[in-house]
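A quick write-up on the structure given underneath.
What follows draws every value from the coordinates through simple rules; no lab data is involved. All figures in this text were calculated on a predicted structure; none of them were measured in a lab. All Cβ positions, even for glycine, are placed from backbone atoms using ideal geometry, and neighbour counts span all protein chains on display.
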Amino acid sequence: MSPRLPSLLASIFLFIPPAGAEKQIKNVLLIVSDDLKASSLGCYGNTICKTPNLDRLAKRGMVFERTYCQGTWCAPSRLSFMHSRYEGSKGTNMGEHFRANGIHSARVGKIYHMRVPGDIIAGTDGNDIPSTWDEKFNTKGQEAHTPGDYACLNLNIFTKELEGRQSTRMPHRMFVSVEYEGDGSDQPDWQAANKTIALLKEHKEKPFFIATGFVRPHYPSVAPTQYFQKYPFDKMPLPHVLEGDLNDIPNSGLGKTTSQKSGIAKWPSNIQRMWSAYYATVTYMDEQLGKVLDELDRLKLTDSTAIVFISDHGYHLGEHHFWQKSNLHEEVTRVPMIISVPGMKPGRTNSVTELMDIYPTLSSLLGIPAPESVQGKNLVPVLKNPKTKIRKAALSFNRGGHGLRTDRWAYLRYKNGDDELYDMEKDPQQFHNLTKKKEFAGIRNEMQSLLKKRLKDAK
């Protein structure tokens, strides 16, 4: 045997890729929809709202059934997942990290917090961090001032007049919808899709991180008539609310905006109109996403691009008589998350995860070590095997209160010490607070201890 043969054979075997090796990931497309309930999507079980493009993304990616936000309103949530920190902005954020490793970083629309509608009307940066990006693009729209059929549903106002429309005053602005004749090309999400497509074309030959923020379904619910027509309000089922549903929720756990406080309880049909408007804007947003996915395929970037779709938090539309966000119940803390990675099998996972996990996961997929400041966990093991468990519980924050979600239990503790406990297997809609029941004292103590530990680790 030639003396060179062993070394030659060794070099051959050295370069044989291991079985099941994933394709080379060069690019990342992060898509964030604002105020999107996981339960409003077809791929999460909704049979009314039409989301064909998210559904096709779900078919080729991993659908995370139990992903939870850390902040329960826009600003803290977005700061959290961009830095992979529970609270605050310590360390290097995701875009800065990728830029430092030779990846072009671009923002389209709302990634860090922007006031909606204020910053959208003005086309301004909001709370953006400029060092995150090599380039950025703001989207604009007239929002509640879009000419068309305007409604302020908690005040039962319907008009075509442009004067006097509620656009900034709380709580009225969150109950506003505008249905109008048009193709949607004047809306911020249309602009976001088109700009994202332009960036894909421009940067297709080099590694990129493009973060695209769609505004909808965040209020005001503005969309062309054809989207509203898909959801006749008088056929909209309302969420089931138990009589006396709020009786076992402590005062500190009651949302700022309830059906009774806002006034919309006077008009149940207007609650139906809210659902119709919300679904209309979800479907409109989904259509814009579809344009981006189509372009990825056309440019043959799908085989080299990891796609992540999330929302910053969920939303209430009358469940428990609650509206909007900024509380710790499941409708707010649970968010959609779909991760599509070339070469990895699609599937669904019940593994408890957090939005903070996106940063270290994308770093791993790109072959870049995550900074020491990152507090999230790498989800690649879950992407490879959906039965993998990476954490025992997910932690959420809200104005001094905290939520903890395990496989079975949801524990909510407020700043003053009041708390709620729910068995999510038997009571997934969180109707029955168990904190006062003696037989659950042991579970309550376990969740309190786990929360204390998680808060210590989160500092």
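Please list, ordered by first then second residue, the pairs with beta carbon atoms under 7 Å, 6 or more apart or interchain, first in segment 135-155 and at positive phi, second buried (at least 21 other Cβ atoms within 10 Å of the Cβ) and part of a strand (DSSP E or B).
Correct list of pairs: Glu143/Val222; Gly148/Val178; Gly148/Glu179.
For every residue, the table says whether it meets (1) under 18 Å from the mean Cα position of the chain (by Cα); (2) buried (at least 23 other Cβ atoms within 10 Å of the Cβ).
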residue	(1), (2)
Ser269	no, no
Arg273	no, yes
Gln288	yes, yes
Glu295	no, no
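Out of Gly141, Gly164, Gly184, report the one residue that is in contact with a helix residue (DSSP H, G or I) (Cβ under 9 Å, 6 or more places away or on another chain) and surrounded by fewer than 20 Cβ atoms within 10 Å (Cβ to Cβ).
Gly184
Under the condition of being in contact (Cβ under 8 Å) with a residue 40 or more places away in the chain and surrounded by fewer than 21 Cβ atoms within 10 Å (Cβ to Cβ), which residue from segment 54-75 is nearest to Pro232 (Cα to Cα)?
Arg56
Scan segment 175-198 residue by residue and report those that are over 20 Å from Val32 (Cα atoms) and hydroxyl-bearing (Ser, Thr, Tyr).
Ser177, Tyr180
Check whether at least one residue in segment 202-222 is among the basic types (Lys, Arg) and under 30 Å from Asn101 (Cα atoms), and report yes or no.
Yes: segment 202-222 contains one or more residues that are among the basic types (Lys, Arg) and under 30 Å from Asn101 (Cα atoms).
Quick check, is His402 touching a residue at least 40 places away in the same chain (Cβ under 8 Å), within 30 Å of Pro250 (Cα to Cα) and crowded, with 17+ Cβ neighbours inside 10 Å?
When the stated conditions are applied, His402 passes them.
Can you confirm whether segment 35-50 contains a residue that is of a type in the set (Ser, Thr, Tyr), touching a Cys at 6+ places or on another chain (Cβ under 7 Å) and either farther than 30 Å from Gln226 by Cβ or in a loop (DSSP other than H, G, I, E, B) (or both)?
Among the residues of segment 35-50, not one is of a type in the set (Ser, Thr, Tyr), touching a Cys at 6+ places or on another chain (Cβ under 7 Å) and either farther than 30 Å from Gln226 by Cβ or in a loop (DSSP other than H, G, I, E, B) (or both), which makes the answer no.
Evaluate segment 432-450: report whether one residue or more is under 24 Å from the mean Cα position of the chain (by Cα), surrounded by fewer than 20 Cβ atoms within 10 Å (Cβ to Cβ) and not small (Gly, Ala, Ser).
There is no residue in segment 432-450 that is under 24 Å from the mean Cα position of the chain (by Cα), surrounded by fewer than 20 Cβ atoms within 10 Å (Cβ to Cβ) and not small (Gly, Ala, Ser).
Given (1) surrounded by fewer than 16 Cβ atoms within 10 Å (Cβ to Cβ); (2) under 20 Å from Glu295 (Cα atoms), identify the lone condition not met by Ala193.
(1)
Tally up the residues in segment 216-254 that are of a type in the set (Val, Ile, Thr), buried (at least 17 other Cβ atoms within 10 Å of the Cβ) and within 30 Å of Gly417 (Cα to Cα), please.
So the count comes out to 1.
Looking at segment 335-370, which of its residues are without any contact (Cβ under 8 Å) to a residue 40 or more places away in the chain and closer than 19 Å to Lys90 by Cβ?
Pro369
Report whether or not Ala410 is buried (at least 19 other Cβ atoms within 10 Å of the Cβ), closer than 23 Å to Gly71 by Cα and out of contact with any helix residue (DSSP H, G or I) (no Cβ under 6 Å at 6 or more places or on another chain).
In short, yes.
Name the pairs whose Cβ atoms lie under 7 Å apart, with the first residue in segment 100-120 and touching a residue at least 24 places away in the same chain (Cβ under 8 Å) and buried (at least 20 other Cβ atoms within 10 Å of the Cβ), the second aliphatic (A, V, I, L, M) and part of a loop (DSSP other than H, G, I, E, B), and 6 or more positions between them or separate chains?
Qualifying pairs under 7 Å: Gly109/Val215; Lys110/Val215; Tyr112/Ile129; Val116/Val215; Ile120/Met114; Ile120/Val215.
Could you grab me the full set of residues in segment 338-359 that are closer than 13 Å to Arg66 by Cβ and assigned to a loop (DSSP other than H, G, I, E, B)?
Scanning segment 338-359 gives Asn350, Ser351, Val352.
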